[in-house]
Amino acid sequence: MSSSDGRGRIPIVGVMGSGKKVHGDLAKELGVWIAQAGYNLLTGGGGGEMKAVSESFFNVEERAGRVIGIIPGDASGGSYSRRLHYPNEFVEIPIYTHLPQTGYEGMQVASRNHVNILSSDIVVALPGTKGTAAEVCLALRYGRPVIALLGGRFKIPGLPAEVQTVATVEEVAKWITELEPKPLPSSCRLKKVVPPDEILTPDF
């Protein structure tokens, strides 16, 4: 995959992983490579693997891309609140959402995981638990290319068998650079052109 889509847009590599633990140097090495390759980085904006990959990306000098964080929040009580420790200090472009569900509820409609995946051109999964597994499943559902960088020991519970797993950042880099642009699945295409007078307008 090229670091530019021909129109000057920098592709986004979404990196999903544990929000609590860091498993070795995988995230650090991956963040450096993504920055040096000229891509944007997107994470869920929290701690653990998300913070580790963001920090290493952030510290690469003269990079073209930026650190994007999709932040969970809650507006159900009539006022807005976001989770403690979000976003981490390396997020340069925070996207604040009203979506509170994470972890075991990561595939529910009120989870920001949908935004994480739909906003990413490709997805790399680092070691994690239920939330990371949900993001991998959503990548498959939405037709996003996804690979799991798990090293030699760590796993993602419930990782679908069709997802390729690799042990090194070099393997991820090779996989990404060889990706060819693919058309959207037919279920994602607009099935008809909507006449202007049928487009919904705001009611405020």
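The values are calculated or read from the model by the stated rules, or taken from the named source; none is laboratory data. Just so we're clear, the structure is a prediction, and the values are computed from it rather than from any experiment. A quick note on method: Cβ atoms are made from the backbone with ideal geometry, for glycine too, and the neighbour counts reach across all protein chains shown.
Might you check whether a residue that is farther than 18 Å from Val32 by Cα, modelled with pLDDT of 95 or more, surrounded by fewer than 20 Cβ atoms within 10 Å (Cβ to Cβ) and more than 14 Å from the chain's Cα centre (by Cα) occurs anywhere in region 89-96? Within region 89-96 (the criterion being farther than 18 Å from Val32 by Cα, modelled with pLDDT of 95 or more, surrounded by fewer than 20 Cβ atoms within 10 Å (Cβ to Cβ) and more than 14 Å from the chain's Cα centre (by Cα)), the answer is yes, since at least one residue qualifies. Scanning region 18-45 for residues that are of a type outside the set (A, V, I, L, M), closer than 19 Å to Tyr96 by Cα and modelled with pLDDT of 95 or more yields a total of 4. Hey, any hits in region 170-177 for a residue that's assigned to a helix (DSSP H, G or I), at pLDDT 55 or above, of a type in the set (Ser, Thr, Tyr) and within 25 Å of Ile10 (Cβ to Cβ)? Looking for residues that are assigned to a helix (DSSP H, G or I), at pLDDT 55 or above, of a type in the set (Ser, Thr, Tyr) and within 25 Å of Ile10 (Cβ to Cβ), one finds at least one in region 170-177, hence yes. Within the set Gly65, Gly46, the sole residue that is of a type outside the set (Ser, Thr, Tyr), assigned to a loop (DSSP other than H, G, I, E, B), in contact with a His (Cβ under 9 Å, 6 or more places away or on another chain) and free of Cβ contacts under 8 Å to residues at least 60 places away in the same chain turns out to be Gly46.
Ser54 falls short of the stated requirement of being within 17 Å of the chain's Cα centre (by Cα), assigned to a loop (DSSP other than H, G, I, E, B) and under 17 Å from Thr132 (Cα atoms). If I ask for residues that are over 25 Å from Ala134 (Cβ atoms) and either modelled with pLDDT of 95 or more or touching a strand residue (DSSP E or B) at 6+ places or on another chain (Cβ under 8 Å) (or both), which ones from region 1-17 would you list? Selection gives Ile10 alone.
Of all residues in region 106-132, those satisfying the criterion of being touching a strand residue (DSSP E or B) at 6+ places or on another chain (Cβ under 6 Å) and among the charged types (D, E, K, R) are Arg112, Asp121. Evaluated against (1) surrounded by fewer than 24 Cβ atoms within 10 Å (Cβ to Cβ); (2) out of contact with any Phe, Trp or Tyr (no Cβ under 6 Å at 6 or more places or on another chain); (3) within 22 Å of Ala148 (Cα to Cα), Glu61 falls short on exactly one condition, (3).
As a summary of the residue check, Ser54 satisfies the conditions (1) surrounded by fewer than 24 Cβ atoms within 10 Å (Cβ to Cβ); (2) out of contact with any Lys or Arg (no Cβ under 9 Å at 6 or more places or on another chain); (3) at pLDDT 95 or above except for the one numbered (1). Of all residues in region 140-175, those satisfying the criterion of being among the aliphatic types (A, V, I, L, M) and either without any contact (Cβ under 8 Å) to a residue 12 or more places away in the chain or over 15 Å from Glu29 (Cα atoms) (or both) are Leu140, Val146, Ile147, Ile156, Leu159, Ala161, Val163. The condition of being in contact (Cβ under 8 Å) with a residue 40 or more places away in the chain and touching a strand residue (DSSP E or B) at 6+ places or on another chain (Cβ under 6 Å) holds for only one of Glu92, Glu135, that being Glu135.
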